[in-house]
Amino acid sequence: MSWHEFWIFVHVVLFVYWLGADLGVLVLARRARDRHMPLEQRALLLEMAMKIDFTPRVAFVLMLPVGLQLSWSLGLLLAQPWLPVIGWSVAGLWLALVLRLAMTGGADPLLQRVQTAWLLILALLMALSALLPWLLPTVSWPAWFSGKLGLYALICLMALGIDRAFQPVAHGFSLLAADGADAARGEALIGPGINATLRIVVALYVALLAAAWLGIVQPGI
């Protein structure tokens, strides 16, 4: 097995765990909307969904350096051999942040702000990188590769949207344990919050599949 084939294999494994685990999260989250189920079961379903969600988040992080490594082995980044090194260094710090957020249950406001700032910066960097062949004559890679970079930038923004859309859901479940008006208010937050989250998740699936299609077909070559 060549190094290029090895990185293709790792890339496919990350894609499978990203998309496959996210489908499990989607199914569990949809079921947790059912207000006719006992609260304990709904809370358990949501807890399981959040634990499974850790896998696609790790795949999201590792897809960046693995994608750069694969691009280098394909010959697209021969003029920028330092990019994969930077990618792995950044991914190490990013993965540490994801792990820390998982350990705290995402409840640390400072870590949440750091993650938000990082995803915004990364989205901007990926979007600018996608435009480099048109901005700098010294940079030349195929349009399909720019398309993958642009889609990764879009996925960064979608990841932020998912976290933001899910915030009312977590608050709603905390209110369900109460009686009366608080429980009703919590129920009113859960359904719309999960629906909004799932709409962004489906859009992310489309972007992920489009990125995979560009990488496999490589139109224009």
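The values are calculated or read from the model by the stated rules, or taken from the named source; none is laboratory data. As the structure is a prediction and not an experimental result, all values here were calculated from the model. A quick note on method: Cβ atoms are made from the backbone with ideal geometry, for glycine too, and the neighbour counts reach across all protein chains shown.
Counting only helices (runs of 4 or more DSSP H) that sit wholly inside the stretch 13-112, not one has at least 3 residues that are touching a Lys or Arg at 6+ places or on another chain (Cβ under 7 Å). Considering the stretch 4-16, the residues that are surrounded by fewer than 17 Cβ atoms within 10 Å (Cβ to Cβ) and aromatic (Phe, Trp, Tyr) include one that is farthest from Gln69 (Cα to Cα), namely Phe9. Within the stretch 127-148, the residues that satisfy the criterion of being touching a residue at least 24 places away in the same chain (Cβ under 8 Å) and under 20 Å from Ile216 (Cα atoms) are Trp141, Pro142, Ala143, Trp144, Phe145, Gly147, Lys148. In the stretch 5-28, the residues that are within 14 Å of Lys51 (Cβ to Cβ) form Cβ pairs under 6 Å with partners that are at pLDDT below 90 and of a type in the set (A, V, I, L, M, F, W, C), at six or more places apart or across chains, as follows: Ala21/Ile52; Gly24/Ile52; Val25/Ala49; Val25/Ile52; Leu28/Leu45; Leu28/Met48; Leu28/Ala49.
Checking the stretch 149-161 against the condition returns no match, with no residue being β-branched (Val, Ile, Thr), touching a residue at least 12 places away in the same chain (Cβ under 8 Å), buried (at least 20 other Cβ atoms within 10 Å of the Cβ) and touching a Lys or Arg at 6+ places or on another chain (Cβ under 9 Å).
Those residues that are in contact with a helix residue (DSSP H, G or I) (Cβ under 6 Å, 6 or more places away or on another chain), among the β-branched types (Val, Ile, Thr) and in contact (Cβ under 8 Å) with a residue 40 or more places away in the chain, I need them from the stretch 48-67; list them, please. If the condition is that a residue be in contact with a helix residue (DSSP H, G or I) (Cβ under 6 Å, 6 or more places away or on another chain), among the β-branched types (Val, Ile, Thr) and in contact (Cβ under 8 Å) with a residue 40 or more places away in the chain, then Val66 is the only one that fits.
Being in contact with a helix residue (DSSP H, G or I) (Cβ under 9 Å, 6 or more places away or on another chain) and farther than 23 Å from Asp108 by Cα is a description that applies to Gly215. Taking each residue of the stretch 183-202 that is under 19 Å from Gly24 (Cα atoms) and looking for partners that are surrounded by 18 or more Cβ atoms within 10 Å (Cβ to Cβ) and charged (D, E, K, R) with beta-carbon atoms closer than 9 Å, six or more apart or interchain, yields Ile190/Arg33; Ile190/Arg42; Gly191/Arg33; Ile194/Arg33; Asn195/Arg33; Val201/Asp22.
Being among the hydrophobic types (A, V, I, L, M, F, W, C) and either farther than 22 Å from Ala117 by Cα or surrounded by 17 or more Cβ atoms within 10 Å (Cβ to Cβ) (or both) holds for only one residue in Leu26, Leu93, and it is Leu26.
The listed residues are Leu132, Leu122, and the only one of them that is within 18 Å of the chain's Cα centre (by Cα) and under 27 Å from Trp94 (Cα atoms) turns out to be Leu122. In the stretch 11-30, which residues are more than 18 Å from Phe166 (Cβ to Cβ) and of a type in the set (Gly, Ala, Ser)? If the condition is that a residue be more than 18 Å from Phe166 (Cβ to Cβ) and of a type in the set (Gly, Ala, Ser), then Gly20 is the only one that fits.
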